[in-house]
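To start, the structure under review is shown below, and the notes come after it.
The values are calculated or read from the model by the stated rules, or taken from the named source; none is laboratory data. All figures in this text were calculated on a predicted structure; none of them were measured in a lab. Counting neighbours? That spans all protein chains shown, and the Cβs are built from the backbone with ideal geometry, glycine included. Quick note on the areas: whole protein, heavy atoms, side chains included, nothing else; ligands and nucleic acids left out. Shrake-Rupley method; radii C 1.70, N 1.55, O 1.52, S 1.80 Å.
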Amino acid sequence: MGRIKRKTILFVIIIFTLSFGMVKATDFALHKSSETEFCISCHSMTIPYNDYIKSPHYANQHGVSAQCKDCHINEKSNIEYLTAKLGGIKDIWFETTGKIDSKEKYEEHRMEMAQTVWKQMEANNSATCRSCHDYDKMNFDKMSAKAKQQMQIAASKNQSCIDCHKGIAHSLPKVKSDTFDINELKSGSTAYTTTISPLYNNQDFASIKAKILPYTQFTILDKVNGAIKIKLNGWQEAHKSLLYAMEGKRITDAVIRGLNDIQETGKTYYNHTTKKSWKELSIIAWIKSTPVTTNINQQWEKNKFEYESKCAQCHQKVQEHHFSSNDWPAQFKGMARQAKLTKNETQGILKYLQYHSSDITNNVEN
């Protein structure tokens, strides 16, 4: 009986030792796999790491660096902790199978991966961010006037950090844009410009002040030795040198100053509020090689992302339908300046906002 009892005790000790060892080994593996050094041991993860070391989360005036786990693993929730660990297996699989094993492939999938992280942060109200940045412990009086105003609004609503701070530690992904050179189009084709481009009176390209703005629809009439003859239709308010996309809507398609071939179609519109007459115009002009698209809805997605990611970093996002198409230009001017947008970005995002404003229900379609 004594021998059986001793065997039982020995068996229990062995099982306990093995179980304890497995628990400790698992705990060690989980913690070790949370270290930044482990994360960047995969070649593909050196790409976001190079973004991170250029950000304030790596080097700042306080000398405090956030590690990968500080932003990507919510250690206060066991479920989210294990979910993050299982998610890491996916990254290893992508690395092993070659899905993101080069910079080109990584950039191709950057949006997909970023959206996964953003959704997690939206779901837990940016719990990992709050482990360092707590509204209750913020000294708003030490912030700039604009930052104080916006942060107090965010605090009053307990707003998620990721709503305004996408791209703060890693480069923002680029939205795929289905653009190509205008020379690939055939005569008779209809498309949209994607950048600000000069317009000319003939294929000699003598400089004038006319230009076409992003997301303006046009039709190709002719192609002569790299010069493209195009047709634009739109509306002119009073005697302004601007071509608008719709009657009564100041959605600017082109600056037509200096163009010779401008014809009135006979259609007119009178705005009783502004007491100004509008007339429809048909314009013939020439253009050089420039990027264009036939998929305008994809461009709207691109502009939507740029608006949310760049403009929302200074203040809460203003919904597209908050203003009318004629009110948006004045409202957006200050936003574009604060966000340091390029001229193309400014014109593109503005046109996106106008086409999705309160007084326009039908978006431009292909």
Over the range 57-90, the set of residues over 24 Å from residue 125 (Cβ atoms) and surrounded by 14 or more Cβ atoms within 10 Å (Cβ to Cβ) is 58
Checked against (1) open to solvent by 40 Å² or more (accessible area, probe 1.4 Å); (2) modelled with pLDDT under 95; (3) of a type outside the set (Lys, Arg), residue 263 satisfies every condition except (2)
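Examine the range 216-239 for a residue that is closer than 27 Å to residue 338 by Cα and part of a helix (DSSP H, G or I), and state whether such a residue exists.
Looking for residues that are closer than 27 Å to residue 338 by Cα and part of a helix (DSSP H, G or I), one finds none in the range 216-239, hence no.
Filter the range 112-170 for residues that are assigned to a helix (DSSP H, G or I) and among the acidic types (Asp, Glu) and give the result. Write out each step before concluding.
In the first step, residues of the range 112-170 are kept if they are assigned to a helix (DSSP H, G or I); the result is 112-123, 127-130, 135-137, 140-142, 145-156, 161-163.
Selection gives 112, 122, 136, 141, 163.
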Going through the range 172-193 in order, the residues found to be open to solvent by less than 20 Å² (accessible area, probe 1.4 Å) and either part of a loop (DSSP other than H, G, I, E, B) or closer than 12 Å to residue 227 by Cα (or both) are 173, 182, 185
* Asked: Somewhere in the range 163-178, is a residue in contact (Cβ under 8 Å) with a residue 40 or more places away in the chain and touching a strand residue (DSSP E or B) at 6+ places or on another chain (Cβ under 8 Å)?
  -> yes
Review point. Looking at residue 179, is it at pLDDT below 95, within 30 Å of residue 108 (Cα to Cα) and of a type in the set (S, T, N, Q)?
Key: yes
Per the list (1) more than 18 Å from residue 282 (Cα to Cα); (2) open to solvent by less than 60 Å² (accessible area, probe 1.4 Å); (3) in contact with a Phe, Trp or Tyr (Cβ under 6 Å, 6 or more places away or on another chain), residue check on residue 196 breaks on (3)
*Taking the condition farther than 21 Å from residue 178 by Cα, of a type outside the set (Lys, Arg), touching a helix residue (DSSP H, G or I) at 6+ places or on another chain (Cβ under 9 Å) and buried (at least 16 other Cβ atoms within 10 Å of the Cβ), does residue 339 pass?*
yes
Exactly one of 156, 126, 144 is of a type outside the set (A, V, I, L, M, F, W, C), in contact with a Ser or Thr (Cβ under 6 Å, 6 or more places away or on another chain) and without any contact (Cβ under 8 Å) to a residue 40 or more places away in the chain, and that one is 126
Residue 207 passes all but one of the listed conditions (1) at pLDDT below 95; (2) within 30 Å of residue 115 (Cα to Cα); the exception is number (2)
